[in-house]
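S.K.: Right, I'll just put the structure down here and ask away after.
The values are calculated or read from the model by the stated rules, or taken from the named source; none is laboratory data. Bear in mind that the values here come from a model prediction, so they are computed numbers and not experimental data. Here Cβ is always computed from backbone atoms with ideal geometry, including for glycine, and neighbour counts include all displayed protein chains.
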Amino acid sequence: MTPDAFVDAVRDDNDTALSRLGSSKSLYAATGGDLEPEEVLRAAANAEYAAAETFAAWAADEGTDTPAGEAFADAADQEREHYETVLDELGDDGFEPSEDPSAMQDVLRDLDDTAARAGGMVGRILATEKSKEQYTGFFTGQADPMTASTFRDLKGDLEGQLDAATALLETVCEDDADWERAKTAADDAIQAAYDEYTEQLESMGVNPKPVC
């Protein structure tokens with residue numbers, strides 16, 4: 001399998017989940033139904049913080065002198081920058097990030113195989129692209145183009161992360177079994193995010209499926 005074919009397969013096999021994660025209901029789920037700008041920014045800050053912690057742990061485990069360790073360390077640094085950027089938008093000096101990771105981060109943190117981690121990174125990026133679109137749209141609707149532009153820029157950074165993840169996959173996947181482990185990890189990460197989204201909405205009495 002090629003890296004491009006891998007990404008296409010993950011997108012195709014998770015089309016419904018990714019589509020719904022990119023719906024306007026995703027922020028409603030992430031904020032527990034409180035769509036005030038401050039709550040939306042807190043949700044974003046928590047997501048960036050959790051991702052930075054996950055990638056930093058992977059980098060330490062892999063060793064920063066390896067291709068995987070370097071890729072994960074770079075991703076951790078970028079996610080830490082994203083976290084600081086969102087904090088600046090929030091303007092809350094007393095904000096403390098949640099130490100309770102999302103379902104997707106729980107899945108990612110359980111991965112202990114390099115190929116699976118690279119695949120999980122791809123899954124996380126594809127899911128996160130959808131949430132970044134919603135953050136951008138939300139602040140556009142709030143007549144706050146500066147904050148909307150900030151999230152548009154953060155989404156743009158994910159393209160570089162995806163390039164790094166696919167390059168890593170090409171390096172570490174030596175046979176079909178490696179690619180399969182990576183694919184399973186990517187699917188599991190997206191499915192965990194989708195299952196949590198569904199559970200959050202259903203707990204608030206909201207139908208997670210689009211209404212036609």
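S.K.: Take Thr166 and tell me if it is within 16 Å of Ala68 (Cα to Cα), among the hydroxyl-bearing types (Ser, Thr, Tyr) and surrounded by 13 or more Cβ atoms within 10 Å (Cβ to Cβ).
M.R.: yes
Quick grid of which residues meet (1) out of contact with any helix residue (DSSP H, G or I) (no Cβ under 9 Å at 6 or more places or on another chain); (2) of a type outside the set (D, E, K, R); (3) surrounded by fewer than 20 Cβ atoms within 10 Å (Cβ to Cβ); (4) not in a helix (DSSP H, G or I):
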position: Ser149; (1), (2), (3), (4): no, yes, yes, no
position: Asp153; (1), (2), (3), (4): no, no, yes, no
position: Gly160; (1), (2), (3), (4): no, yes, yes, no
position: Glu174; (1), (2), (3), (4): no, no, yes, yes
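S.K.: Has the stretch 180-192 got any residue that is at pLDDT 95 or above, buried (at least 19 other Cβ atoms within 10 Å of the Cβ), in a helix (DSSP H, G or I) and polar (S, T, N, Q)?
M.R.: No.
S.K.: Would you check which residues across the stretch 116-137 are over 15 Å from Gln161 (Cβ atoms), in contact (Cβ under 8 Å) with a residue 60 or more places away in the chain and either in contact with a helix residue (DSSP H, G or I) (Cβ under 6 Å, 6 or more places away or on another chain) or surrounded by 22 or more Cβ atoms within 10 Å (Cβ to Cβ) (or both) and list them?
M.R.: Selection gives Ala116, Gln134, Tyr135.
S.K.: Still on this structure, please answer the following. What are the residue pairs meeting all of these: first residue in the stretch 197-212, first residue modelled with pLDDT of 90 or more, second residue in a loop (DSSP other than H, G, I, E, B), Cβ atoms under 8 Å, and 6 or more apart or on different chains?
M.R.: Tyr197/Pro208; Thr198/Pro208; Gln200/Gly32; Leu201/Asn207; Leu201/Pro208; Glu202/Pro208; Met204/Gly32; Met204/Gly33
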